[in-house]
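Have a look at the structure below before the remarks.
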Amino acid sequence: MKFKVTVGLSNKHVHLSKEHIDILFGEGYELTSIKDLTQPGQFACDEKVDLVGPKRTIKGVRILGPARKETQVELSLSDGFTLGITDLPVRDSGNTEGTPGLKLVGPKGEVEIDKGVIVAARHIHMHTTDAEKYGLKDKDIVSVKVNGQRGLTFDNVLIRVNDAYALDMHIDIEEGNAAGLKNEDLVEVIAE
């Protein structure tokens with residue numbers, strides 16, 4: 001089966017636990033939404049933190065809300081090189097065991113995390129009704145064809161199914177640039 005889906009390019013960002021929000025921004029602090037994201041209930045925040053790695057610091061990295069159970073930092077491979085994290089793994093979001101850590105610095109404090117820094121694996125968010133429609137289930141793997149001058153096929157694209165998701169493919173900024181893609185471009189899912 002083949003069908004079209006919009007793509008969203010993901011730049012470096014941070015998901016914070018409530019505990020870490022309190023340390024970085026002050027006790028009881030609430031994140032400030034500046035823009036809704038494609039996934040219902042998810043938003044880009046006004047707040048930013050600095051990431052301190054073994055070699056360098058990346059300043060002003062955006063936080064995405066709402067608060068999560070665990071803090072997770074999503075980077076590109078190039079960001080990892082900049083920070084001096086040479087063993088940055090490609091992982092599904094939330095799969096942080098055995099991943100590197102770093103220091104986060106906010107206006108009120110800093111936090112050293114010992115794990116949680118990843119390159120997010122490419123994936124497609126899909127509502128359960130979309131999964132039924134296309135004959136897919138959570139954790140299926142598909143390919144995605146990109147047309148155009150820099151056309152290519154992304155293999156190993158994870159399907160993530162949940163009643164709270166909206167149909168959208170997420171890739172990191174480097175993958176998007178390699179394929180000449182921009183947010184909301186249409187790509188073709190190949191599920192066989």
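Charge dipole (Cα centre; +1 on Lys/Arg Cβ, -1 on Asp/Glu Cβ; no other charges) of region 9-48 amounts to roughly 260 debye. Of the peptides 2-10, 89-97, the order by per-residue mean of other Cβ atoms within 10 Å, starting with the highest, comes out as 2-10, 89-97. Mean separation of Cα pairs under 8 Å and 6 or more residues apart, divided by the residue count, gives the chain a relative contact order of 28 percent.
The DSSP beta bridges internal to region 54-158 are antiparallel in roughly 65% of cases. With contacts taken as Cα pairs under 8 Å and at least 6 residues apart, region 12-119 reaches a relative contact order of 32 percent. Ordering of 119-129, 148-158, 103-113 by packing is 119-129, 103-113, 148-158, highest average first (other Cβ atoms within 10 Å, averaged per residue). Label separation (Lys2 vs Ser93): 2.8 nm, computed from points 7 Å beyond Cα along the C-beta direction. What lysines does Lys35 reach when the alpha-carbon gap must be under 23 Å and sequence neighbours fewer than 8 apart in one chain are set aside? Counting by Cα, and skipping residues close in sequence, Lys35 has these lysines nearby: Lys12, Lys18, Lys48, Lys59, Lys69, Lys182.
For region 149-174 versus region 4-66, the spacing of their alpha-carbon centroids is 20 Å. Estimated from helices alone, the mean residue ellipticity of the chain at 222 nm is -3500 deg cm²/dmol (sum of -39500 (n - 2.57) over DSSP H runs with n ≥ 4, per residue). Each residue of region 130-140 was assigned a 3J(HN,Hα) from its phi angle through the Karplus curve 6.51 cos²θ - 1.76 cosθ + 1.60 (θ = phi - 60°); the sequence is 5, 4, 4, 4, 9, x, 10, 9, 3, 6, 4 Hz, with glycine and proline shown as x.
Throughout, read-outs are computed from the coordinates displayed, never taken from laboratory work. Computed from a prediction, not measured in an experiment: that's the story for all the values here. All Cβ positions, glycine included, derive from the backbone under ideal geometry; neighbour counts span all protein chains shown.
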